[in-house]
1. If you line up the long axis of helix 84-96 against the longest principal axis of the chain, both from Cα atoms, how many degrees apart are they, to the nearest 10?
2. First check a/c for segment 366-507, with a ≥ b ≥ c the square roots of the eigenvalues of its C-alpha gyration tensor; if it is under 1.5, answer rounded, and if not, answer prolate when a/b is larger than b/c or oblate otherwise.
3. For the chain, build the charge dipole from Cβ charges (+1 Lys, Arg; -1 Asp, Glu) around the Cα centre, then report which of 521, 73, 372 sits farthest towards its positive end.
4. Quick check: residue separation of residue 470 and residue 94 times 0.36 nm, minus the Cα distance between them. What number comes out in nm?
5. Rounded if a/c is under 1.5, else prolate if a/b beats b/c, else oblate: with a ≥ b ≥ c from the C-alpha gyration tensor eigenvalues square-rooted, which is segment 329-442?
6. Among 450, 464, 334, flag the residue with its Cα farthest along the positive direction of the charge dipole of the chain, charges on Cβ as +1 for Lys/Arg and -1 for Asp/Glu.
7. Keeping every protein chain present and rolling a 1.4 Å probe, give me the accessible area per residue for segment 433-477 in Å².
8. Taking the Cβ-Cβ separation of residue 148 and residue 592 as r and a Förster radius of 35 Å, what is the calculated FRET efficiency to the nearest 0.05?
Amino acid sequence: MAERFVVKVRKGVAVKERNPVSTIVKVKKGVAADAAEAAASGGSQRKGVAHAKNPVEYYGVSTPIELRDALGIRGLVPAAYLPLELNCERCISRLREKSSNMDKYVYVRHIQDTNEHLFYAMLVRYTAELMPIVYTPTVGEACQRFSHTYRGTLRGLYISLQDAGQVRQIMDNWPTSDVTTIVVTDGERILGLGDLGVNGMGISIGKLSLYTACAGIHPACQMPVHIDVGTNNEENLKDPFYLGLRQHRERGPAYDALIQEFFDAAKDKFGPTVLIQFEDFGNVNAFRLLKNFQHKACTFNDDIQGTASVALAGLFASESLTGTKLSDHTFLFQGAGEAGTGIADLISYAISVESDIDIEEARKKIFLVDSHGLVTKARLPELQHHKLNYANECANDDAEPIVCSNLLEALEYVKPSVLIGVSAIPKAFDKNILHQMAQLNKRPIIFALSNPTSKAECTAQEAYEWTDGMAIFSSGSPFDPVTLSDGRTFSPGQGNNAYIFPGVGLGVLAAGSTKITNYDMFLAAKSLAEQVTDKELKVGSLYPPLENIRSVSAHIASTVAANSHETGVATNFPRPKDMLSYCQSLMYDPFNPKFDD
């Protein structure tokens, strides 16, 4: 008799056990019985229906014929057997027939609701094509329409002010205790779209899809969370179909108490190594919550730290094109919110690490423009806390304070070599701005990072045309290749956070980390930049092809996991001798067979 194996997922780590009878992979404890057990019970209809309704286990027509009786699904699916690869091709063909990205989004989410293996098979095989569908820019529209398109699917945990004092009990309603990765939002600042309230749950769902597709975090081990404290979006409050609390946002102690209760409950339920990623919290809370929890839990804020790491990676990669070190650049930001100051913080940290100078000195190379103009010491009384570190002393030759009320005036004063847009102000980088950047620099670096596409500070076409093809360009949302009138073609890379956060999550899982530090984000940026080849740089891309993203994530994960061991925050021992191979071994692959002979 051929030896069989059962594969169980415990805390996101696959464990293969010998079993002479069973042939079915178990992905969650207590959910799916093995084939022999099912056969012994007669393969009851109720068991088959329960299996078919569990999208984490169900393979549909990709279930081998010989296993359908054991699982109780014979007759519940068509008679044909389609290998997962062929089923993937069938569904991608159907998706390509749809005319709008929103229709495509609804279609793939429907597949996810019934068969997650098929959903992730499509994402893994067609990453570059589907990432703009399941994430930015389409996820922005999906969030805006969330209450109107909600299908009642069990996909996420909803915690509101009404649940205060009961969050730990609510955690027990989640179908598994094997959660390793959580993305939580309060919906206040979704992309560049503002306060969407409960409709922001779509962003938590989208981010976790990328954790799985890009880094192999098992779909059974993730949990999207929305913390509902109301919304200040009057359109939502007036919408009869809005699914969140119908009240304005809580800004007092009740808010902080609910966030604290959530963290305490998550760590108690899932353990101290559970990764909790903050996503799209408003400026008023994002910085202080990160500061409060980053030394108490395994947590990071992707808008602040993930965006910063992917931007820093682009700057590291650009050194091959400009011949200029990070410390020799002067940076000007349009936007001084979470993303802007987060990137500025990591750049100054990187400069201080690489150049061995005080971080205060490094910050003098960085200038921010907010809605009131250039951030300077003259404006100290009015500045929010997160901007204070970049309030530079700006004066003219007569020692009088400089006042720059807009980006153009700031650019003329600062004379930057790097211009970074994180303001969500469309067309902020107009022809005049970009032309002046080209006059100041032989190879101006232009990062238009705002999402979705409609909020980008400029398009790729504009960046290249208005700098005569000399710009080194990156964007937050994808743009098509650009061909100039002289025949030069550029294929700009997207500075997508998906290059960073999935790999960080996998590294945390591999090491059993209890903390995530700024140095982890610095190392992740370094690792990403090292994976950009001359081939990508030649066509203007500062990032590897999305088709390589699982390999990229594995390398980032091995770097982060190694650092966790070296800094004493790892809990998984012994430390693997080959960390890269170990990280790769943990990655969920939808194309892997369910059983081995």
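The values are calculated or read from the model by the stated rules, or taken from the named source; none is laboratory data. This one's a predicted model, so the numbers in the text were calculated from it and none came from an experiment. Note: ideal-geometry Cβ built from the backbone for every residue, glycine included; neighbour counts use all protein chains shown. These area figures cover heavy atoms from the full protein model, side chains too; ligands, DNA and RNA do not enter into them. Shrake-Rupley method; radii C 1.70, N 1.55, O 1.52, S 1.80 Å.
1. In the chain, helix 84-96 runs at an angle near 50 degrees to the longest axis.
2. Working: a/c = 2.38, a/b = 1.37, b/c = 1.74.
Here segment 366-507 falls in the oblate category.
3. Going by the charge dipole, the pick is 73.
4. 131.3 nm
5. rounded
6. 450
7. Values: 1410 Å² over 45 residues.
Accessible area per residue, segment 433-477: 31 Å².
8. Efficiency for this residue pair is about 0.40.
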